[in-house]
Each structure stands twice: as structure tokens, then as C-alpha cells.
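Structure first, then comments.
The values are calculated or read from the model by the stated rules, or taken from the named source; none is laboratory data. Bear in mind the structure is a predicted one, so any value in this text is a computation, not a measurement. No Cβ is skipped: glycine too gets one built from the backbone with ideal geometry, and neighbour counts run over all protein chains shown.
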Amino acid sequence: MVDNQHFSNVMMVKVNFLLFCILLGTASTLFCQNFNRPVPAGVPEYEFVQYDSTYTGYYLSTPFRIGANAGPGALPKNAVILDADGYLFWYMPMQVRNLSDFKYHPAHQLYTFVKSMGPQNVQYTLMDPDCKLVDSFTTVDGILPDAHDFQITKNKTFLLAGASDSIMDLSAYLFGTVPGSPNTHAIGFVVQEFDEDHNLLFQWSSNDHIHPTAGYAFYGYSANAFDYCHGNAIEEDSDGNLLLYFRHLNAVYKIDRQSGKVLWQLGGKTSSFTFPNDDGFSGQHDARRLPNGNIAIYDNANMAAPPRISRAVEYVLDTLNWTAVKVWEHQYVPGFFSPAMGSHQTTADRQHLIHYGLHYRPDPTFIRTDDAGNLIAELFLADSFMSYRSFLFDLPVDTIQRPAISCTQNNGIITLSAPPGYDRYEWSTGENTAGIIVQETGTYQVWVNRGIGMLGSEPFVIQDLDNVCPLSSAGEAPAVESPTVIGYYDFLGRAITPGRYPAGYEAQFYFVRYADGRIKLRNGIRIK
């Protein structure tokens with residue numbers, strides 16, 4: 001669980017910031033959001049809070065806004081990679097209907113993502129470590145594509161999610177209080193497996209193995225399109241069989257890879273397992289088998305008893321006594337409910353990347369925590385933005401040279417320059433030239449073309465306009481006396497001391513008082 005003192009301090013920062021907004025007299029929600037990392041035009045703004053800077057790794061996500069898929073001025077969809085400090089390392093803008101499930105497969109050194117141009121036009125795409133497209137797949141033989149998941153197996157075959165529409169006579173059944181139709185369009189979840197030459201190796205459909213009455217009336221019934229199971233994740237189990245995850249069945253199914261037979265069911269109406277110390281899960285996303293044999297799940301908790309609180313949870317499965325024992329869980333403090341999407345990734349060293357899916361500020365988009373529940377980092381997308389899933393990986397980027405920003409300062413004019421030789425430049429200021437003139441303090445980044453996307457520089461921080469560049473253009477240190485700071489203050493006028501987290505809290509806005517009488521509002525230095 002989260003430390004109570006930490007929670008109180010974080011809430012105090014949020015209250016102070018709200019008071020600051022009120023004092024400014026603005027009613028703009030957007031203005032009062034704190035965005036502390038630079039982004040280029042077309043990438044949603046965000047706030048990244050880092051509680052422990054000793055951790056490494058890269059965050060992969062696909063932020064988007066529901067209902068903003070078409071029309072003039074709509075933002076492109078982006079796959080993004082953030083570095084361990086939350087700065088935008090690489091991004092890939094695409095004018096598509098949707099972009100999702102962006103992840104890395106270390107065993108094969110391949111990235112995968114799913115891009116959708118329409119309901120029947122979906123590409124399951126492969127990208128190499130140089131960020132170049134390698135291949136793409138889609139479903140065949142009349143199976144509709146389903147963008148929920150795309151996996152690579154240990155033998156480098158490819159598992160695609162799909163959907164099939166079968167007419168079923170369900171007139172003998174009630175779904176809640178709604179009678180079934182004799183001509184129900186039952187939407188089944190399909191898995192298709194391909195080799196590298198795009199040959200279909202295996203196919204499984206829920207319509208052949210799971211009756212629609214296994215679904216819950218809670219999720220709705222429609223004779224025209226009855227999405228009774230709603231599969232959302234595929235996993236190759238350690239024994240080579242498949243684990244399939246069905247949101248509308250509140251269940252995980254284990255499937256025989258050869259025969260397609262259901263081997264067991266975790267959760268749902270006819271669970272093979274009991275839950276001795278837990279009430280089970282519902283509406284879940286992204287359940288995965290861990291190296292220790294446990295099952296990790298992001299439990300949306302759609303059908304949980306009030307108050308519904310979404311969580312990450314882990315179970316030990318005992319197939320002798322057929323029990324599922326909860327051994328770990330995490331609920332954010334204060335708890336909240338996310339009705340859809342989301343993911344829960346557990347790394348080999350027991351870190352957890354918990355992504356909350358269809359949920360907005362003031363709660364986080366995702367958090368990174370350790371096994372004890374200590375927060376390592378949090379990300380908050382701009383209001384109305386979300387992502388289907390997010391992931392954490394150690395990427396093979398050691399040989400990738402990020403573009404270095406150089407600086408010159410002549411006669412009061414500050415110029416930041418990116419390396420020459422690239423076809424495209426995108427600055428966090430919105431400019432797209434190789435060099436820019438800056439007139440304000442702040443953090444700057446530039447992105448240059450790499451593969452099918454854009455590679456970002458390290459952040460270039462300007463805290464004092466009179467002393468920006470390490471050396472002047474003549475190669476001499478600028479002869480500017482640094483102004484003397486005599487104090488740092490929060491919005492209540494209390495003295496604070498700049499320092500390094502984690503002791504205390506992180507205040508994003510504060511005042512600096514100089515010896516010459518000037519007072520400036522600053523943003524982004526950690527306060528303890």
C-alpha cells in the first residue's frame with residue numbers, strides 16, 4: 001500500500017496547485033493541468049512524476065482520445081517510447097483510426113503494434129530495433145480482425161486475435177430479462193496462428209467451444225451482435241498450450257493447442273478453481289502467466305460489490321486442489337474504478353507496470369511500483385486522453401545515438417541547434433527547422449527522423465536566460481554574473497529547499513526570490 005504520509009504530501013501539493021489556479025482567476029481546466037515534459041506538435045501532453053531515479057527501462061504506450069478519430073485538425077495516433085525519466089525518447093505518428101498494443105518482444109528483438117484503418121482493415125505489424133517495418137499480418141478465411149492482441153510465440157509463430165459471426169438459436173434462453181432470439185448473431189473470439197511465411201497453422205473459435213450462456217447479462221444482450229465473451233488477450237502458456245482471456249465471461253480459459261479443447265477455466269460461472277481468500281475478478285484485462293507460474297491480472301472489477309475499485313492482482317493456481325490463492329494485489333490510493341482497457345505487467349525483478357485504461361485525471365494513466373507497493377513513477381495524460389495498454393521494457397538502444405542539442409549565445413540571442421543531415425526536425429516549440437531561437441526559460445527537446453518514427457534528444461534545460469550555453473560561439477565562457485537566489489517559496493509563502501526526491505513530496509510550481517528583488521514563478525524542480 002502507499003505510505004500515508006506520502007499520500008498526504010501529494011494531496012497537499014494538489015490542493016496548493018488548485019488554490020494557485022483559483023488565485024489566477026482562471027476557469028480553464030486545461031491550464032491547471034501540470035505538464036512537465038516537452039512534446040512535439042501532435043503528441044498529447046503529459047505529466048511524469050518520478051519518485052526514484054535509480055530505476056532504468058523504457059515505457060511503451062499509445063495515447064489517444066476517444067471520439068477524435070476523424071475530421072480536420074484531429075491529432076494523429078502515436079506509439080510512444082518514454083525513457084526512464086519520462087522524456088519522449090521516440091514516437092511514431094500515424095493517421096489511422098486506432099493504434100494499440102505497442103510492445104517489445106526481447107526473445108525475438110521485435111516491436112509489435114496493431115493499427116486499424118477501419119473495422120475490417122487491421123494490420124498486426126512488426127518493427128525491428130532500428131524502428132523499421134519488417135512485416136505485417138491480418139486475419140484470413142473470413143475471420144474479422146480484432147485489435148485486442150498480437151503475440152509472438154517462443155517458436156516465432158504469430159498469434160492474432162480475430163472475430164467470427166455465427167447465427168445461433170438462443171430462443172430457449174433468457175439473458176437477464178431479455179429473451180434470446182432464434183437468429184442471434186453470436187460474435188465469437190478467434191485465434192489464428194501463422195508462421196513467418198503467413199501460412200495459417202492453427203485456428204480456434206469460442207463459438208465452437210463456449211456456449212453464449214456462459215456470458216453475463218450484466219454486459220448486455222443484442223440479437224444483432226451478441227458479444228458474449230469479448231476476448232481481449234492471448235498468451236502462450238509455459239507448456240505450449242494457450243491461455244485466453246474473456247472479459248464478458250469474467251474468466252481465463254486454458255486451451256489445448258492441438259485439439260482446441262478447454263482444459264480448465266479460472267473464474268466465470270463454472271470456474272474450475274475456487275478463490276479461498278478473494279472474491280475473484282470481473283471485466284478483466286491483460287491477464288498473464290508469470291515466470292513463477294502465477295497468473296497476474298488487471299482486474300477492472302466491473303461486477304465487483306460497491307465500491308468498485310480496479311486493481312492489479314496475482315494468484316497462485318493449484319491444479320491438484322483446484323484453488324486460486326491471491327498472493328499479491330495493488331489498489332491505488334485513493335481507489336477508483338476504470339470500466340475498460342488496462343494492463344498489469346510484472347517484470348522478472350518484481351516491478352509492476354499497472355495501466356488503468358479508460359480513466360482520466362486526477363488519477364494516473366499508469367504507475368510503476370515495486371512488490372511492496374512503493375511508487376517508482378506515475379504518468380498522467382492530459383484530460384480526455386487514455387491508452388489501451390502500457391508496457392515497461394529494457395530496450396536494445398545502447399547503440400542508438402540521440403541527437404545532441406548544441407547552444408550558441410551571441411548579443412543576447414540564444415540559438416539551439418540539432419545535428420545536421422536529417423530529413424525532418426520537430427522541436428518541442430512546434431518549429432521544424434534544424435535550429436531555433438529561444439527567449440524563455442524551460443526544457444527543450446528536438447526529434448529527428450529514425451525509421452518510421454522520430455528519435456528524441458536528451459532534454460536541454462534553460463533556467464537562466466543570461467547564462468545558457470556552456471561556451472559562447474567564440475569558445476569563451478560568457479561573462480555573466482549569475483543572479484543571487486535568497487529563497488524558494490511555495491504558494492502559501494513557506495520557505496522550501498530544492499533537493500532530490502524521495503524524502504517528502506514533489507512540488508511542480510514554486511517561487512524563486514532573488515537578491516535584486518525579482519520574484520519568478522518556476523516549474524519542474526523537485527522539492528523536499
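Answer yes or no as to whether Ala147 is modelled with pLDDT under 95, on the phi < 0 side of the Ramachandran plot and surrounded by 15 or more Cβ atoms within 10 Å (Cβ to Cβ).
Answer is yes for this residue.
Could you figure out which of (1) more than 28 Å from Ser387 (Cβ to Cβ); (2) outside any loop (DSSP other than H, G, I, E, B) isn't true of Glu235?
(1)
Which residues, taken from the range 184-199, are assigned to a strand (DSSP E or B) and among the charged types (D, E, K, R)?
Glu193
For Val325, only one of the following conditions fails: (1) buried (at least 17 other Cβ atoms within 10 Å of the Cβ); (2) free of Cβ contacts under 8 Å to residues at least 40 places away in the same chain. What is its number?
All conditions pass for Val325, except number (2).
Output the residues belonging to the range 364-390 that are of a type outside the set (D, E, K, R), touching a Lys or Arg at 6+ places or on another chain (Cβ under 9 Å) and part of a loop (DSSP other than H, G, I, E, B).
Passing the criteria: Ala382, Ser384.
Given Leu353, Leu317, Leu263, which one is in a strand (DSSP E or B), farther than 17 Å from Leu243 by Cβ and not polar (S, T, N, Q)?
Unique residue meeting the criteria: Leu353.
Could you check, for the range 105-115, whether at least one of its residues is without any contact (Cβ under 8 Å) to a residue 40 or more places away in the chain, of a type in the set (Val, Ile, Thr) and outside any loop (DSSP other than H, G, I, E, B)?
yes
Output the strands (runs of 3 or more DSSP E) that fall wholly within the range 391-471 and possess 2 or more residues being under 27 Å from the mean Cα position of the chain (by Cα) and in contact (Cβ under 8 Å) with a residue 40 or more places away in the chain, or say none.
Strands (runs of 3 or more DSSP E) meeting the threshold: 425-427, 442-444, 446-450, 453-456.
Does Ser338 fit the bill of being within 20 Å of the chain's Cα centre (by Cα) and touching a residue at least 12 places away in the same chain (Cβ under 8 Å)?
yes
Can you tell me which of (1) in contact with a strand residue (DSSP E or B) (Cβ under 8 Å, 6 or more places away or on another chain); (2) surrounded by 15 or more Cβ atoms within 10 Å (Cβ to Cβ); (3) part of a loop (DSSP other than H, G, I, E, B) is the one Ser181 doesn't meet?
The failed condition is (1).
Matching residues to (1) in a strand (DSSP E or B); (2) charged (D, E, K, R); (3) under 29 Å from Phe102 (Cβ atoms); (4) free of Cβ contacts under 8 Å to residues at least 24 places away in the same chain:
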| site | (1), (2), (3), (4) |
| --- | --- |
| Lys154 | no, yes, yes, no |
| Ala161 | yes, no, yes, no |
| Leu201 | yes, no, yes, no |
| Asn224 | no, no, no, no |
